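Structure record follows, encoded as structure tokens.
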Amino acid sequence: MGGVAWAPLLRLSALAGLMSVLGFVDGVEGLMAVALAVVLVQCAVFSIALWFAAGFVIRLVRRSAGERFQGWVVGGIALVLAVASLFPIYTTPMSSTARQANVLEILD
């Protein structure tokens, strides 16, 4: 539907929720059934992958940082991710603003 997009899981979850509500109200048949299945499966796969990636990072921090510095390391990682999301790092072929967007633009 327009190309490959790399977007936050939040936007994908919002799309899955909206499509599910529309499917519940209007009925799921034809192309809507295929699109809804693709979005729900993709949302589930990305959620599970994010869960395991976060667990891996937590285990890595527990092993490498001392007990005293674990909170600081996790806080630093969260800060780096928050700052990175303000730059145009998401590829969004169907975005209303640009092909590359930051987290604020992608949710418009």
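Some values worked out for this structure:
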| quantity | calculated |
| --- | --- |
| Rg/Rh for the stretch 26-78, where both radii come from Cα atoms and Rh is the Kirkwood radius | 1.35 |
| Potential extension, V34-L22 segment - 0.36 nm per residue separation minus Cα distance | 2.9 nm |
| Extended-chain gain in nm, criterion 0.36 nm per residue less alpha-carbon gap, R59 and V80 | 5.7 nm |
| P(r) of the stretch 9-106 over all Cα-Cα pairs, binned every 5 Å from zero, in whole percent | 2, 12, 13, 16, 17, 14, 11, 7, 4, 2, 1, 0 |
| Förster-model FRET efficiency, 35 Å R0, V73 and Q42, C-beta, rounded to 0.05 | 0.70 |
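Values quoted throughout were computed directly from the atomic coordinates according to the rules given, and no laboratory measurement underlies them. All values reported here derive from a predicted model rather than from experimental measurement. Ideal geometry is used to build each Cβ from the backbone, glycine not excepted, and the neighbour counts take in all protein chains shown.
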